[in-house]
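Q: Can you keep this structure in mind? I'll have questions shortly.
The values are calculated or read from the model by the stated rules, or taken from the named source; none is laboratory data. Treat the numbers as computed from the prediction; the structure is a model and nothing was measured. As a convention, Cβ positions derive from the backbone with ideal geometry for all residues, glycine included, and neighbour counts pool all protein chains shown.
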Amino acid sequence: MITLFDKLYKKSEQDLLDDLYNRLQKQEKTFVVTANPEVFMHSMHNEVLKKALLDPKTVVTPDGEGIVQAAKMLGFTPWGKIAGVDTVAKLLQHANEKQLSIYIYGSKQEVLDALQKKLQVQYPNLVLVGLKNGYTYQEKEVFEDMLQKQPDIVLVALGVPKQELSIYQYFPSFQKGIFVGVGGSLDVLSGVKKRAPKIWISCKLEWLYRLLKEPTRIKRFYNNHIKFILYIKKLAKEKK
């Protein structure tokens, strides 16, 4: 897992955005993984996911305070948390300004319907070339449709690690595009779910707010966050 932390993006959020905007302008194909502890934990048991994370065309950003703190425990110095939902929001804003095309795949239809209404109002110049939910449509047909349309930005919300594995499988076939596994970001951006208040975010307790709002996530949190921290402590001890 040390190699994943070495790969982790360590510059500021603005540096990341400037880099992605530049890649969009150059039509330089890029896969962005907004990594939380769950992503790294899955990579321990999934060689394809680990390969995707370490791929030179993949940018791995620290989407979670757990990743940032773990990096520091292992002797790395990331700039800080770069929330995936903020990255996606900035990409949408940039796409609107530059009249870029975007394809969205995943989540529930009710979320996509709400999101589409938001996009039409907030980003009227954005070119939406695809909007497919993750339940009705088959992955192969969706990516074949994407390939025909060659969008500038692709957002995939199928959950970890399915979204990352799906992107990585089809990624080589594309000529251009910024591809992002967005998890639950569409729920927030559509307004279906509320993000934690700013005070919770500033206190680095966004994870706790989400857990309190969705207590059914406790088992998942334990398996992918508590076990992660215990493993990182073990690694840090071995590294000394």
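Q: Being touching a residue at least 24 places away in the same chain (Cβ under 8 Å) and part of a helix (DSSP H, G or I) is the filter; apply it to the range 1-14 and report the residue that is nearest to Ile153 (Cα to Cα).
A: Only one residue tops the list, namely Glu13.
Q: Among the residues of the range 15-61, count how many are within 16 Å of Tyr231 (Cβ to Cβ) and assigned to a helix (DSSP H, G or I).
A: Of the residues in the range 15-61, the ones within 16 Å of Tyr231 (Cβ to Cβ) are 35-46, 50.
Filter once more, so that each one left must be assigned to a helix (DSSP H, G or I): 37-43, 50.
Total satisfying the criteria: 8.
Q: Right, another one. I'd like to check which strands (runs of 3 or more DSSP E) are fully inside the range 81-160 and have at least 1 residues that are farther than 30 Å from Gly66 by Cβ and not acidic (Asp, Glu). Step through it out loud before you land on a result.
A: Numbers: elements: 101-106, 127-132, 153-157.
Filter on the range 81-160 gives 101-106, 127-132.
Q: Here's another thing I want to ask about it. With respect to Phe179, is the statement that it is modelled with pLDDT of 95 or more, among the aromatic types (Phe, Trp, Tyr), over 25 Å from Phe76 (Cα atoms) and assigned to a helix (DSSP H, G or I) true? Write out each step before concluding.
A: Numbers: modelled with pLDDT of 95 or more: yes; among the aromatic types (Phe, Trp, Tyr): yes; over 25 Å from Phe76 (Cα atoms): yes; assigned to a helix (DSSP H, G or I): no.
So Phe179 fails the test.
Q: Please go through (1) over 23 Å from Val154 (Cα atoms); (2) part of a helix (DSSP H, G or I); (3) not acidic (Asp, Glu) for Phe76 and return the number of the only condition it doesn't satisfy.
A: Here Phe76 meets the rest and fails (2).
Q: Residues in the range 106-122: is at least one touching a residue at least 24 places away in the same chain (Cβ under 8 Å), under 21 Å from the mean Cα position of the chain (by Cα) and farther than 23 Å from Lys194 by Cβ?
A: no
Q: Then there's this: Working carefully through the options Asp55, Asp86, find the one that is of a type in the set (D, E, K, R), more than 24 Å from Lys234 (Cα to Cα) and within 13 Å of the chain's Cα centre (by Cα). Talk me through it step by step, then tell me what you get.
A: Numbers: Asp55 fails: within 13 Å of the chain's Cα centre (by Cα).
The match here is Asp86.
Q: Might you check whether a residue that is under 16 Å from Leu16 (Cα atoms) and among the β-branched types (Val, Ile, Thr) occurs anywhere in the range 38-49?
A: The answer is no; no qualifying residue exists.
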